[in-house]
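Structure first, commentary second.
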Amino acid sequence: MNVLVVGGGGREHAIVKSLRRSPHVSRLLCAPGNAGIGRDAELVPIKAEDINGLLRFVREQQVDLTIVGPEQPLVNGIVDQFRSDGRAVFGPSKSAALLEGSKVFSKAFMVRQHIPTAAYSSFQKGDAEAAEMFIAGLRPPIVVKADGLAAGKGVSICPSRPEAVEAVRAMLSGGLFGSAGESVIIEEFLIGEEASVFVLTDGERYAMLAPAQDHKRVFDNDEGKNTGGMGAYAPAPVVTPDLLKRVEAEVIIPTLKGMRDEGAPYTGCLYVGLMITQQGPKVLEYNCRFGDPETQVVVPLIESDTAEVFAAIAAGRFDPATVHIKDASAVCVVMASGGYPDSYVTGKRIEGLDVLDGKEEVTVYHAGTKIADGDLVTSGGRVLGVTAFGPKHDLATTVKKAYEAVQHVRFEGAHYRNDIGKKGIMRGG
Ligand code: AMP
Ligand code: GLY
């Protein structure tokens, strides 16, 4: 089968590498991809947001299956457009992708379906005064979220009421995130440890992948600004087998049933972002896609043929018993450009990757790289995801292996966190 992966980050590199193992994949393509992906798949110079261009390409090149990485084309309806053209595609429909595309929708959905989440209220443009009155009755910190997609920057954790009022005003005026911020959620601050659970589903049947933990802040000990994610590991011991059962019963089953009942069955990968609180798991957010960098640790742990699994899901004939998870752990350390997540320079030469090339149990996923004048150079904020694999119940060994690998890689200004996986090790993972 000819398979196209849409997107060009570390997540897509991990998906491409996994698909490459499948004997069913004859031609593997990625649009637009990056320099690392270009070593594992044919690159197609079409942007992930160009749905018409992608569809034209799929028709011309007889692509049998398309797997969509990023949220924007999903929220814009790529799956609906492909399906109405008779094309097999892995991902949720536009109405199901609203679970990520609109926080107002997803919060109201969770309340309707009795799914545990932070208490909240929503406000629209023109409601600023009502929002201020609501804030006056809350105890800080106060969480303010833009309704729509804001490239991962739509959440403000406000240490005081005036800062919450300021955040709400900036969003509702449309000045901060444009129309994505013209409705806002104000919600209770949850205390606990975060975890990400991915579910593969054809709307009816589902399989849960290894629970993972992202590291969103730029510096060690969760300090500094929020980023797209500075590293991840799986399985995350904070999600014990008992807790995973609770997540399944209290979140996953009611989410999939609720979406079916509401006429928008969810297909593809559902990302459930959780806070593990003292009262149990609560949903922080849904995403309508695989997470980045969690995919870099979760997808390689799938032992099964992922091309078969994704194709079965796209065809609505998924058998969850075909999904086997390896008895192993994985740790991904993201190497980022100097200055990231603020402004950063690109075009820096990357060196040392050749040393890691044939190394067992280490894979470097490319996120922001390109070839310029024959050299491999940086082209984004997050540049590489240096990933190691090791024994399931010895996360410390896997972490050590990942950091040993990181030592070989150099580019000017490179920075990374030194404590990826530390919480997992402290929990005895
Ligand atoms: P989200 O995009 O909704 O996942 O939010 C981004 C990050 O903000 C999350 O990963 C959490 O670290 C934090 N966050 C979001 N909502 C809350 C909340 N209600 N309580 C505490 N932290 C939160
Ligand atoms: N790792 C966070 C995300 O993919 O949204």
Please compare each pair in Lys103/Lys423; Lys103/Lys125; Lys348/Lys423; Lys225/Lys257 to a cut-off of 27 Å on the Cα-Cα distance and tell me which ones are over it. Lys103/Lys423; Lys348/Lys423; Lys225/Lys257
Lysines whose Cα lies under 16 Å from that of Lys245, excluding same-chain neighbours fewer than 8 positions away: Lys282
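With viscosity set to 1.306 mPa s and temperature to 10 °C, compute the Stokes-Einstein D of region 140-272, Rh being the Kirkwood radius across alpha carbon pairs; µm²/s, no decimals.
Translational diffusion coefficient: 94 µm²/s.
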For region 162-233, shape from the Cα gyration tensor axes a ≥ b ≥ c, cut at a/c of 1.5 then a/b versus b/c, turns out oblate
Before anything else, pin down the relative contact order of the chain: Cα pairs under 8 Å, at least 6 apart, normalised by residue count, whole percent. 17
Below 8 Å, C-alpha to C-alpha, sequence gap of six or more: please give me the relative contact order for region 96-223 in percent. 23
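Using the Cα gyration tensor of region 338-399, with a ≥ b ≥ c the square roots of its eigenvalues, what is the shape: rounded (a/c below 1.5), prolate (a/b larger than b/c) or oblate (neither)?
oblate
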Volume per residue, Å³, of the convex hull around the alpha-carbon atoms of region 10-118? 130
What length, rounded to one decimal in nm, is gained on full extension from Arg260 through to Arg83, with 0.36 nm per residue of separation minus their alpha-carbon distance? 61.9 nm
Inter-part distance where region 26-103 and region 250-313 are each reduced to a Cα centre, Å: 19
Report the rotationally averaged projected area of region 63-115 based on its alpha-carbon convex hull, in square nanometres. 4.0
Region 298-387 -> Rg/Rh from Cα coords, Kirkwood Rh, value 1.10
Tell me whether region 192-328 comes out rounded, prolate or oblate; compute the Cα gyration tensor, take square roots of the eigenvalues as a ≥ b ≥ c, and use a/c under 1.5 as the rounded threshold. prolate
Taking R0 as 22 Å and r as the Cβ-Cβ distance between Thr346 and Arg410, the FRET efficiency 1/(1 + (r/R0)^6), rounded to the nearest 0.05, comes to 0.90
Can you run phi through the Karplus equation (6.51, -1.76, 1.60; θ = phi - 60°) for region 263-272 and list ³J(HN,Hα) in whole Hz, with x for Gly and Pro? x, 9, x, 8, 10, x, 10, 9, 9, 10
Where the Cα pairs of region 294-336 fall when distances are cut into 5 Å bins, in %: 5, 21, 24, 20, 14, 10, 5, 2
What whole-number volume per residue, in cubic angstrom, does the convex hull of the C-alpha atoms of region 51-210 give? 140
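Throughout, read-outs are computed from the coordinates displayed, never taken from laboratory work. Because the structure is a prediction, the values reported are computed rather than measured. Cβ coordinates were reconstructed from backbone atoms using ideal geometry, including for glycine residues, and neighbour counts include every protein chain displayed.
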